[in-house]
1. What's the local net charge at M166, with K and R +1, D and E -1, over the other residues with C-beta under 13 Å away?
2. Sorted by packing (mean other beta-carbon atoms within 10 Å per residue), highest first, where do 405-416, 163-174, 128-139 land?
3. Under 19 Å from a point placed 7 Å out from the Cα of L190 along the Cα-to-Cβ direction: which residues of the stretch 140-160 have their backbone N that close?
4. Relative to a virtual label point 7 Å from the Cα of W322 in the Cα→beta-carbon direction, which members of the stretch 479-509 show backbone nitrogen distances below 11 Å?
5. In Å², and per residue, what accessible area does the stretch 460-518 have when probed at 1.4 Å with the other protein chains present?
6. Quick check: residue separation of W182 and A280 times 0.36 nm, minus the Cα distance between them. What number comes out in nm?
7. How big is D, in µm² s⁻¹, for the stretch 127-203 by Stokes-Einstein at 37 °C and 0.692 mPa s if Rh is the Kirkwood radius over C-alpha pairs?
8. Based on a Kirkwood Rh over C-alpha pairs, give the Stokes-Einstein translational diffusion coefficient of the stretch 318-417 at 25 °C and viscosity 0.890 mPa s in µm²/s.
Amino acid sequence: MTLPGQLLPLTRPPPAPPVLSSRRSRCPPPAAHAHARGSPPPLWRAYRLNDRFLHPPRQFRAPARAPRAPTPPGVSAAGGGEARAAAVAEFVTSERVKVAAMLGLALALCNADRVVMSVAIVPLSQAYGWTPSFAGVVQSSFLWGYLMSPIIGGALVDYYGGKRVMAYGVALWSLATFLSPWAAGRSIWLFLFTRVLLGIAEGVALPSMNNMVLRWFPNTERSSAVGIAMAGFQLGNTIGLLLSPIIMSRTGIFGPFVIFGLFGFLWVLVWIPAISGTPAEHAQISAYELEYITKGQKLVKPQIGSAKTKKVPPFSKLLSKWPTWALISANAMHSWGYFVILSWMPVYFKTIYHVNLREAAWFSALPWVMMAVLGYVAGLVSDTLIRNGTNITLTRKIMQSIGFLGPGIALLGLNAAKSPIIASAWLTVAVGLKSFGHSGFLVNLQEIAPQYAGVLHGMSNTAGTFAAILGTVGAGFFVDRMGSFRGFLILTSLLYFSSALFWDIFATGERVDFDGTG
């Protein structure tokens, strides 16, 4: 076999037809055969019979021109089934998928550690005589810390990279979870402090995930990568909600805190040696994958240590653009609905339908499985739309509209449900369709400002945390005053509809000039 454009040794080219000049027949350039219109392909050992070229057996032909860059996994240049299967196999076994899987595990631990309180709040309220309003304050203590860290954490991620910040974050929030039983035995204030510390540490998780996806995945795979990572995020809810009642029944109320904290320490021990901050730093990545990632990225390369990276982010310019406010609005609404459902659904099923704690946890956990599955499906659909030529802005608007309008309609159905099974079905639809927002606003951060993605994520996350605190505490006071969740669900639906409208008007998938250079 010979490479395209290479002279063939020990072989003479066939004589040219009489219409060609003798000079060209003696020295035929290889490119002339490859590109001449209507001429036979470049052959070695070709011969003529009755004025017709006869080709040798197929295995002796010179190979077709190889692509200059690797064909992206999942897309076959020839469209053959074998090529597609090979591309899928390459994707599944690639180093970038290992990064996404480890990010998914980290986010699973992140949610498992926070959701434990959603189950523990029921026995704790019974033991200490807490009212629903005070239980809402305890539930929201995590968010007090979460409010402090996203902007600072996002800036740290932009400067130090997602690998290092994620490692410190997981270690710190695992320590806070592990120490919760000890703190609870001392005082309620110390226990609340561990929840605040948990929130501070977990505030860096999503900015770190976004940074790693930005560095490790080309544009056409980022929605899928976020889908994999966020699937772990939602499965963490399921794990926490389903396992916590079982562990509590065997070890006491604080058993899940200890077990999940230990798993976090184990994750850090694997993450540090196994994952690198960028593909170029990875010792085992193949040249094929490295070239594919590099050629598929359209971003501002990290400039660690440069003056540009060290300068204070332009907060005023970031806030002066409508696409930023579209992201802030979307994150706020997403967090409002997310934390209201996450924090109050076990209590909702127990108080409205009078089921026991384990059944309430099951009814509350099943929707998060659907969210994990549909989140990945939404990522595949989004990437496919973009590959097939759909405008990025339109794609993000379609995904986010589904992620807002779907839950808004489903919560109205939940409000009218007459049985826990029907209510769980509507809740599953609401939570499952929320995941389409991961291919909307969550990926959009990287597209409008790749150089400020961490800071922008922190800013929108801070707004989302304010909304989550307001929703979580407000739901408790609403139940105290009205005696029911139903009116609060109607309010949440209306907020979903208005947020979808705001997003569709002001969001964009194009790069926004926040530096005033273009």
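1. Working: positive: K163, R164, R215; negative: E202.
Once all neighbours under 13 Å are counted, the net charge is +2.
2. Those peptides, ordered most packed to least, come out 163-174, 405-416, 128-139.
3. Taking a point 7 Å out along Cα→Cβ of L190, the residues of the stretch 140-160 whose backbone N falls under 19 Å are 142.
4. Answer for this model: 502-508.
5. Details: 2750 Å² over 59 residues.
Each residue of the stretch 460-518 exposes 47 Å² on average to a 1.4 Å probe.
6. Length gained between W182 and A280: 31.0 nm.
7. Values: Rh = 13.2 Å.
Translational D for this selection: 249 µm²/s.
8. Values: Rh = 15.8 Å.
Reported coefficient: 155 µm²/s.
The values are calculated or read from the model by the stated rules, or taken from the named source; none is laboratory data. None of these values were measured; they are calculated from a predicted model. Glycine gets a Cβ as well: all are built from the backbone with ideal geometry, and neighbour counts include every protein chain shown. Just so you know, the surface numbers come from the protein's heavy atoms only, side chains and all, with ligands and any DNA or RNA stripped out. Shrake-Rupley method; radii C 1.70, N 1.55, O 1.52, S 1.80 Å.
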